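> Take a look at this one; I'll ask things after.
The values are calculated or read from the model by the stated rules, or taken from the named source; none is laboratory data. Every value quoted in this text rests on a predicted model; they were computed, and no experiment measured them. Quick reminder, even Gly has a Cβ in these numbers, built from the backbone with ideal geometry, and neighbours come from all protein chains shown. With ligands, DNA and RNA removed, areas are computed over all heavy atoms of the protein, side chains included. Shrake-Rupley method; radii C 1.70, N 1.55, O 1.52, S 1.80 Å.
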Amino acid sequence: MKYVPREIVDEVNVTPVHPLVNFGYLIGTVVAAAVTVYVGLGVAGAQIAARLGPNAENRIGEVIFENVFAGMPLVQDGPELKYVQTLAESLRSDALKQRPDLKLHILEEPLPNAMVAAGGYVFITQGLLDEVESENELAFVLAHELGHYENRDNLRSLGRSLVFLSLNSALATTGVQLPPLLTGSMSLADLHYSRDQEQKADVYAFEMMYERYGHVDHTLDFFKRLNEQELDLGAADQLLEWQSTHPLTESRIEYLEALANKRGWSLEGEATALQKSRQIR
Ligand SMILES: [Zn+2]
């Protein structure tokens, strides 16, 4: 028997859109709600972490150092470590003196990089120390990290990571798994900052370099050389490594130089010699 559909008289309740489109909207709403919760939790975690007192910050820093960094090859002693420690200490602002002491470590790692973790742990790689050609370059890198530290950027990232790691393990007990896209970047050593955070740390460091040397010449030379290496395939990996934590692109250099012009900070001046270990041994 042939099916004859009943004629629809009243079309008020009939939706003119295809059911699949409606389904798409439903999925879209669920995803949007999930993203909102996810972002909200991240913001909450970051806010809590940004309000930690120095004692809590110190303890968290110790735990992370023991679990993440202590197993890495660190330079234990020597004149180079002492020199970098003294230089970093001399860059400590009054605001940073209220926070946990700086604990500077040199990582025996050939790729140039630097980072700061919760509790004042500053890491600089041997590769970076081998690459810098003046104290101005090294001081800028250290001051940039201290900028992240003073602005509590590292604690905010940590708070976010802690919330997601907890959420992930709580969900795991119920059999639910967060998509790898969300969990992939979670780590206690997550040090990816936003463009805005990077720019603030840059300006913080640049201003400090002007106060220290009376000009801002040579402070960006290391990054200018890195950018030139971009064309050189051999150095591509090195650059990639640096950029993964500290994208200091040409536009950021241009921004800082424009800022120097605006504020009347001289872009011309003498370089301060680096106290390289081979010179003091
Ligand atoms: Zn940075």
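> Among Glu89, Glu57, Glu80, which is the only one that is of a type outside the set (Ser, Thr, Tyr) and without any contact (Cβ under 8 Å) to a residue 60 or more places away in the chain?
Just a single option satisfies the conditions, and that option is Glu89.
A quick yes/no check of all residues on (1) in contact with a helix residue (DSSP H, G or I) (Cβ under 6 Å, 6 or more places away or on another chain); (2) outside any helix (DSSP H, G or I); (3) away from the ligand (no atom under 16 Å from the Cβ):
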{"residue": "Val116", "(1), (2), (3)": "yes, yes, no"}
{"residue": "Leu129", "(1), (2), (3)": "no, no, yes"}
{"residue": "Glu133", "(1), (2), (3)": "no, yes, yes"}
{"residue": "Phe140", "(1), (2), (3)": "yes, no, no"}
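> In segment 47-66, which residues are within 19 Å of the chain's Cα centre (by Cα) and over 29 Å from Ala139 (Cβ atoms)?
Gln47, Ile48, Arg51 - these are the residues of segment 47-66 that are within 19 Å of the chain's Cα centre (by Cα) and over 29 Å from Ala139 (Cβ atoms).
> Here is a further query. Could you check, for segment 245-253, whether at least one of its residues is modelled with pLDDT under 55, assigned to a helix (DSSP H, G or I) and within 16 Å of the ligand (Cβ to nearest atom)?
Checked segment 245-253: at least one residue is modelled with pLDDT under 55, assigned to a helix (DSSP H, G or I) and within 16 Å of the ligand (Cβ to nearest atom).
> With the requirement that a residue be open to solvent by less than 50 Å² (accessible area, probe 1.4 Å) and touching a Gly at 6+ places or on another chain (Cβ under 6 Å), what does segment 125-175 give you?
Hits for segment 125-175 are Gly159, Val163.
> Only one of these conditions is not met by His144: (1) within 16 Å of the ligand (Cβ to nearest atom); (2) at pLDDT below 80. Which number is it?
(2)
> How many of the residues making up segment 61-99 are within 12 Å of Tyr121 (Cα to Cα), open to solvent by less than 50 Å² (accessible area, probe 1.4 Å) and of a type in the set (A, V, I, L, M)?
4
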